[in-house]
Amino acid sequence: MPTEFKLYNVSKKDMYAYKTKEEKERIRKEMVEMALKIGIKPAARYYKTYPNTVRKWVKKYTEEKHNYK
């Protein structure tokens, strides 16, 4: 009997892809704030993503913030 392969033991409700737009924006903002406070790599580890992904959102967040001033 074949077994189901799972990369991570995570339910669908916990996966980022299944979040609403508002939840995704909240998670990104929290991730950016953490990255600015403690660093890119620790934030990436905490959110289980790549450092380049965190850098991308930090860059977008800071550019957006400067455009409003």
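Some notes on this structure:
- Peptides 47-53, 20-26 ranked from most to least packed, by the mean per-residue count of other Cβ atoms within 10 Å: 47-53, 20-26.
- Global geometry of the range 18-69, whether rounded, prolate or oblate, following the gyration tensor of its Cα atoms and the 1.5 cut on a/c: oblate
- Multiplying the residue separation of residue 41 and residue 53 by 0.36 nm and subtracting their alpha-carbon distance yields 3.3 nm.
Each value in this text was obtained by applying a stated rule to the coordinates, not by laboratory testing. Because the structure is a prediction, the values reported are computed rather than measured. Note that we place each Cβ from the backbone using ideal geometry, even for glycine, and neighbour counts take in every protein chain shown.
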